[in-house]
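Data block below; observations after.
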Amino acid sequence: MILYRPMREEDLDDVMRIEQASFTDYWSREDMERELHKPMTQAGYVVAEDDGEVVGYAGFWQVLDEAQITNIAVRSDRRGQGIGVMLIRTMEEDFAGRGVAAVILECRAGNSPALHLYKKAGFTEAGVRKRYYENPTEDAVIFIKEFPSSRE
């Protein structure tokens, strides 16, 4: 059974292996450590743990009533099992208590599995950031998901 819980410092070795295997422009360990030490009002990070091993993680920043998903990744041998959607759902449970009214994110235009994940999780395309990514240079698709009850 997979446990979805807040990320801890002892998760960083597993998280960094997944991060480096998933992205060409990956975050450094120091970046991730800094994120973990941000006040809970500014950021949140969760992991998917199976049998003591981290198999996925996700994070977000919050500014007022908006959140931005900064990164989400699942270990390659565990993709396609619904872990990514559950990581998003876990963050959304946290958003409800924070008064988040909308969530945004950017995704590489050529990352078909991620584009599918965000659509499956209820996000809608809101635009494109031209040449947003480097290594290789690629456009970013902007996604948004609003929570109407939070804006009332």
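The values are calculated or read from the model by the stated rules, or taken from the named source; none is laboratory data. All of these numbers come straight from a predicted model, not from anything done at the bench. Here Cβ is always computed from backbone atoms with ideal geometry, including for glycine, and neighbour counts include all displayed protein chains.
A few remarks follow.
- Some residue of the range 36-44 being assigned to a strand (DSSP E or B) and not aliphatic (A, V, I, L, M): yes
- Only one of the listed residues (ILE83, ILE72, ILE18) is over 19 Å from ARG108 (Cα atoms) and buried (at least 17 other Cβ atoms within 10 Å of the Cβ). That residue is ILE83.
- Enumeration of residues in the range 102-114 that are over 18 Å from GLU134 (Cα atoms) and crowded, with 16+ Cβ neighbours inside 10 Å: ALA102, VAL103, ILE104
- All of (1) over 22 Å from LYS145 (Cβ atoms); (2) at pLDDT below 95; (3) surrounded by 14 or more Cβ atoms within 10 Å (Cβ to Cβ); (4) more than 16 Å from the chain's Cα centre (by Cα) hold for ASP50 with one exception: (2).
- Every pair of residues 6+ apart whose Cβ atoms lie under 7 Å, when the first sits in the range 5-30 and is of a type in the set (S, T, N, Q) while the second is modelled with pLDDT under 95: GLN20/TYR26; THR24/ASN135
- The listed residue being farther than 16 Å from ILE144 by Cα and among the aliphatic types (A, V, I, L, M), out of ALA102, ALA73: ALA73
- Against the conditions (1) more than 22 Å from VAL103 (Cα to Cα); (2) at pLDDT 90 or above; (3) not acidic (Asp, Glu), MET7 satisfies every one except (1).
- Test: residue in the range 77-86 that is touching a strand residue (DSSP E or B) at 6+ places or on another chain (Cβ under 6 Å) and either under 19 Å from GLU146 (Cβ atoms) or among the polar types (S, T, N, Q) (or both): no
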